[in-house]
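Participant: Structure incoming, see below.
The values are calculated or read from the model by the stated rules, or taken from the named source; none is laboratory data. From a predicted model like this one, the values you see are computed outputs, not experimental measurements. FYI the Cβ positions are ideal-geometry reconstructions off the backbone, even for glycines, and counts take in every protein chain you see.
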Amino acid sequence: MKSRQTKNKPNKKTTKKQKNKRRNKKQQKNKPNEKTNEKKNRVVFQVAEASLLELIILVFPAYVANAIPVVFGGGQAIDYGKKLWGERVFGASKTIRGALSGFAFGTTSGIAIAFTLSPFFLPQLGVMQKVAVAFALSLGTIVGDLLGSFMKRRLGIKPGAQSLLLDQLPFLYTALFFAWLAWSELPTALGVTGFFFLTILTILLHLFFNLLAHAFRLKKVPW
């Protein structure tokens, strides 16, 4: 009888092992995926630590879109000579050809960068997302440039007259706003330091290239 009872009695060691296995399975199910969290943290770190070179490459399509109308502009004005409150809506210098050429060249430069400088141009994104950001930057640049001209006309500033900040910054800020609509992580990529860096860089580059364009008689005024 004793031998039969021993055979039928469950092994305590085996039972404990089974319980431990069940506990481990439950813990693994409830435990968050560490690899997924590590990837997310890496992405956030990369975005936050965008170098100055990456920031310049990021806004390069906007710079191209803003500069090209100086070379390929002319022709029919966007506002067709219409006036608002006694002044032109935008002015004779804002033309359809200039806007289209700026947008086209800006977007094309962004596409080229997406393929040739991919590790430095929004490395977190795929190619199509990069193209979308370049598209948004170029479109935002043209809209921002028109917005600056519109504000100048409303303030009574004549076309070609110098206006501190209104000549340099509306296109940049509008371009960044449009890019943010295309990529929600843009504020993280820029940061406060990057934002001020691009602001100062844009003012300096705008002054330099306007002087250069004036020297080559592409602009009537050096600003």
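Participant: Which ones in the range 187-213 are crowded, with 20+ Cβ neighbours inside 10 Å and within 13 Å of the chain's Cα centre (by Cα)?
Facilitator: Result: Ala189, Leu190, Gly194, Leu198.
Participant: Out of the residues in the range 82-104 that are of a type in the set (A, V, I, L, M, F, W, C), part of a loop (DSSP other than H, G, I, E, B) and closer than 30 Å to Val133 by Cα, state the one that is nearest to the chain's Cα centre (by Cα).
Facilitator: Phe90
Participant: Quickly run through the range 148-179 and pick out the residues that are outside any loop (DSSP other than H, G, I, E, B) and among the polar types (S, T, N, Q).
Facilitator: Matches in the range 148-179: Ser149, Thr174.
Participant: I'd like to check something: does the range 50-58 contain any residue that is at pLDDT 90 or above and charged (D, E, K, R)?
Facilitator: Looking through the range 50-58, at least one residue is at pLDDT 90 or above and charged (D, E, K, R).
Participant: Next question. Scan the range 105-119 residue by residue and report those that are farther than 12 Å from Val131 by Cβ and hydroxyl-bearing (Ser, Thr, Tyr).
Facilitator: Thr116
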